[in-house]
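> Could you have a look at this structure, given as structure tokens, before my questions?
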Amino acid sequence: NHLINQIAAGEVVERPANALKEILENSLDAGASQVSVEITGGGIKLIRVTDNGSGIHADDLPLALSRHATSKIKNLSDLEHVRSMGFRGEGLASIASVSRLTLTSRTAELPHAHEIRAEDGVLSPIAAASHPIGTTVEVCELFFNTPARRQFLKSENTEYAHCATMLERLALANPQVAFSLKNNGKSVFNYPAQTLAQRVGTIVGEDFQAACLPVDSGENILRVHGFVSKPTFAKGKSDMQFCFVNNRFVRDKVILHAVKQAYRDVLHNQIVPAFVLFLDIPPELVDVNVHPTKTEVRFRDSQAVHQLIFHNLNKVLAETRA
Ligand code: ADP
Ligand code: MG
């Protein structure tokens, strides 16, 4: 398949958190406003995600589990402009090949739900099931058939922590979506639909929310917006630094450098800033396809990105000194 060969192939699922990310991104792509996550045994035993999105038509259930079947792009030019989270069509297929997966879904057109199971790459027949409009993906015994990969996993607590971090990033980028998390049967959180400011308070902390400054460069081809800690905020930690490019969490040296420089310029001393920043950039000016499991991006014009962020942060930080 020509198109597929043009897309960097890679191992999508290295650990439970990667599987969870793929599943959650599908829920968001399906327009869900409510997403519930259940994790057992660090996500190795069970990951179950239920959403109230558009659902998958019964006829399309086998396709959803087939490699390189995506409903999201049709040709290479779509790829340049992709705005959905997923587009490679390998998320569910990859997970299904290394777990026992059950996909249950109902669309608005059909009177009831259907489900399909995959085990060791073999699909079951489609069966009638009971489920409200939306989808549940249940992944059991991840890596049961790939002991070598399973061996590379850390403790259940560590794998759980990676899953929770992944979920928090997605929750921060999608405050209008309600998210809940259960770990080993116990409720961890239940976020209602919130404004961004509220979600930032919930996830990054009320301390930060009370001591942050809004940033917004305004609608433009390149836009940065979000919240940064006031120069007086002394509790910044590196896990309070969130950047999103076109709503995807990234770790990017260019952005981080611009932020640090903006603080240094105003403060002349070292503090660890806390921030939640969203960079909106035309998709053709950024390559997000560096590696499916990595959080890196490549900008066509990294200097323009650097300047935009430095300039806008510098301005709001300087105002606090005036
Ligand atoms: P991709 O997201 O790259 O298209 P996936 O393997 O992650 O590929 O998913 C395959 C297809 O299954 C998607 O294109 C979508 O049509 C469907 N799908 C998967 N999860 C959901 C969901 N939660 N709600 C609706 N459709 C879904
Ligand atoms: Mg996907």
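A short reminder: the numbers here are calculations on the coordinates, not readings from a lab. Here the structure is a predicted model, which means the values were calculated and not measured. Please note: Cβ atoms are built from the backbone with ideal geometry, for glycine as well, and neighbour counts cover all protein chains shown.
> What do you get for Rg/Rh of the chain when both radii come from the Cα atoms and Rh is the Kirkwood radius?
Using Cα coordinates only, the ratio equals 0.99.
> Where the eigenvalues come from the Cα gyration tensor of region 196-321, what are the semi-axes √(5λ) of the equivalent ellipsoid, largest first, in whole Å?
23, 16, 13
> Holding the Cα-Cα limit at 30 Å, pick out from LYS45/LYS237; LYS21/LYS230; LYS186/LYS253; LYS45/LYS235; LYS154/LYS237 the pairs that are longer than that.
Beyond 30 Å: LYS45/LYS237; LYS21/LYS230; LYS186/LYS253; LYS45/LYS235.
> Evaluate E = 1/(1 + (r/R0)^6) for ARG149 and SER33, where r is the Cβ-Cβ distance and R0 equals 30 Å; express this FRET efficiency to the nearest 0.05.
0.30
> If you don't mind, another one. Please give the net charge around HIS114, taking every other residue with its beta carbon less than 15 angstrom from that of HIS114, where Lys and Arg add +1 and Asp and Glu add -1.
Charge balance near HIS114 sits at -3.
> Next up: How high is the relative contact order of the chain? Use alpha-carbon pairs under 8 Å, at least six apart in sequence, and give a whole percent.
Reported as a whole number, the value is 17 percent.
> Which of the helices in the chain, when you take each full DSSP H run, stretch at least 24 Å along the axis at their Cα atoms and have an average Kyte-Doolittle score of -0.5 or higher?
Span-like helices here: 156-173, 302-321.
> Shifting gears a bit: What is the magnitude of the charge dipole of region 196-321 about its Cα centre, with +1 placed on the Cβ of each Lys and Arg, -1 on the Cβ of each Asp and Glu, and no other charges, expressed in debye to the nearest 20?
320 debye
> Then there's this: Between LYS237 and ASP265, how many nm apart are label points set 7 Å from Cα along the C-beta direction?
Here the answer is 3.0 nm between the modelled labels.
> Just name one of SER238, PRO62, VAL188: the one whose Cα is farthest towards the positive end of the charge dipole of the chain (beta-carbon charges, Lys/Arg +1, Asp/Glu -1).
SER238
> I would also like to ask the following. Suppose we keep just the DSSP beta bridges with both residues in the chain; what percent of those would be antiparallel, to 5?
Within the chain, antiparallel bridges account for around 80 percent of the total.
> With only Lys, Arg, Asp and Glu charged, each at its Cβ (+1 for the first two, -1 for the last two), find how big the charge dipole of the chain is about the Cα centre; round to the nearest 20 debye.
820 debye
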